[in-house]
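*Asks:* Take a look at the following structure, please.
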Amino acid sequence: MKIGIVGLGLIGGSLAWDLQHLNYQVIGVSRKESTCDLAVEMGIVSAAGTNLAILKGVDLVFVCTPLGAIASTTLELIPHLQENTIVTDAGSAKGAIVTAITPHWRNFVGGHPMAGKEESGLKFAQVNLFRDNPYVLTPTEATPVESVALVARIVEALGAKLYQCTPEVHDRAVSWISHLPAMVSASLIATCLKEPNPDIQQLARQIASSGFKDTSRVGGGNPELRRMMAEYNREELLRSLYQFQETLGEFISLIEAENWDALHQQLVMTQQARPDFLNHNSLSDL
Ligand code: NAP
């Protein structure tokens, strides 16, 4: 089977690497000639170029461009595809993308690999990035079942844990555990920068350790990716941010009232709940 990958960055490059190892013939398309050359040099694609026309004749295409380019790139790709080619994507938000593409290409299966790291670009691509991590497919009622089944088989061959739900359910769930944490983590860093005393500000930076490292990691990641999460999942992100604001307000009230027992109860509850979010996954996320 011939597989095309559009957008040879962290996700596209990592996918190309694994798919090549699984003996698929992988053809890459990226915006920059230099990225295409690097992908060929790395041996993760058998050919690469900047023109979507080189994907003529492939059976399956993964569109792994930044979120804002997924729908437009797929629409540009369509005239080059044979009728039964399946297209899937890697975008971190699904509703807007599935709605934009499905009327033009019924063989589109929305996808979201829940794996990544702070860095972006092809040089950070890695083997087995998806192994043991969740990978969500978001077909609609109109998506052909055999197309979903084929993408699902490939996802499982990558060693990922397959989940399936509607684009709407995906966007709400992902807001709680990915898009909300990214904004909370970014606002944590922004808040620390508000310390007005430069000596204290400097000392805080010098003594920051594992707690700050853990809680600031996703807020310190790729700004374009974070911005697009907000743009493309605005409604669900706002819903979860308002809920977070309310919950934070409750914590503030308990501390103001010196209600240490109630605060303790909340912290016992959060300590008990956390493993349920993590035990079934490896610890990398988006
Ligand atoms: P990335 O490292 O920035 O890679 C995207 C690549 O796409 C860039 O390297 C760029 O390559 C290429 N590109 C940009 N515009 C293009 C266009 N119009 N046509 C063709 N190629 C284009 O980003 P990423 O982290 O891999 O993210 C890719 C997608 O995966 C996004 O939609 C994101 O939502 C999703 N995702 C990301 C993560 C994560 O943690 N990073 C996790 C899950 C899903 P050039 O060098 O050629 O410009």
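*Asks:* List every residue pair whose Cβ atoms lie under 6 Å apart, where the two residues are 6 or more positions apart in sequence or sit on different chains, the first residue falls within segment 230-253 and is within 10 Å of residue 175 (Cβ to Cβ), and the second residue, located anywhere, is of a type in the set (Ser, Thr, Tyr) and surrounded by 13 or more Cβ atoms within 10 Å (Cβ to Cβ).
*Replies:* Hits for this filter: 233/175; 236/175; 237/175; 240/175.
*Asks:* Might you check whether a residue that is of a type in the set (D, E, K, R) and more than 25 Å from residue 118 (Cα to Cα) occurs anywhere in segment 195-214? Full working, then the answer.
*Replies:* Of segment 195-214, the ones of a type in the set (D, E, K, R) are 195, 199, 205, 213-214.
From what is left, the residues that are more than 25 Å from residue 118 (Cα to Cα) are 195, 199.
Yes - at least one qualifying residue is present in segment 195-214.
*Asks:* Pull out all pairs, ordered by first then second residue, where Cβ-Cβ is under 6 Å, the residues are six or more apart or on different chains, the first lies in segment 101-120 and is farther than 19 Å from residue 58 by Cα, and the second is at pLDDT below 95 and assigned to a loop (DSSP other than H, G, I, E, B).
*Replies:* 115/284; 116/286; 118/221; 120/222
*Asks:* If you don't mind, another one. Just to be sure, is residue 146 in a helix (DSSP H, G or I), free of Cβ contacts under 8 Å to residues at least 12 places away in the same chain, in contact with a Leu (Cβ under 9 Å, 6 or more places away or on another chain) and surrounded by fewer than 17 Cβ atoms within 10 Å (Cβ to Cβ)?
*Replies:* Criteria not met by residue 146.
*Asks:* (1) within 16 Å of the chain's Cα centre (by Cα); (2) surrounded by fewer than 21 Cβ atoms within 10 Å (Cβ to Cβ); (3) in a helix (DSSP H, G or I): which one isn't true of residue 131, the others all being true?
*Replies:* Unmet condition: (3).
*Asks:* Out of segment 37-63, which residues are in contact with a Leu (Cβ under 7 Å, 6 or more places away or on another chain), over 18 Å from residue 79 (Cα atoms) and open to solvent by less than 20 Å² (accessible area, probe 1.4 Å)?
*Replies:* 39, the sole residue that qualifies.
*Asks:* Of everything in segment 99-119, what is touching a strand residue (DSSP E or B) at 6+ places or on another chain (Cβ under 9 Å) and open to solvent by 10 Å² or more (accessible area, probe 1.4 Å)? Give them in sequence order.
*Replies:* Those that are touching a strand residue (DSSP E or B) at 6+ places or on another chain (Cβ under 9 Å) and open to solvent by 10 Å² or more (accessible area, probe 1.4 Å): 102, 105, 107, 114.
*Asks:* Would you confirm whether or not segment 79-87 contains a residue that is at pLDDT 95 or above, closer than 21 Å to residue 158 by Cβ and touching a Gly at 6+ places or on another chain (Cβ under 7 Å)?
*Replies:* So far as segment 79-87 goes, no, none of its residues is at pLDDT 95 or above, closer than 21 Å to residue 158 by Cβ and touching a Gly at 6+ places or on another chain (Cβ under 7 Å).
The values are calculated or read from the model by the stated rules, or taken from the named source; none is laboratory data. Just so it is clear, the model here is predicted, and its values are computed rather than measured. Reconstructed Cβ throughout: ideal geometry from the backbone, glycine too, with neighbour counts over all protein chains shown. Ligands, DNA and RNA are stripped out before the accessible areas are found, and what is left, the full protein with its side chains, is counted by its heavy atoms. Shrake-Rupley method; radii C 1.70, N 1.55, O 1.52, S 1.80 Å.
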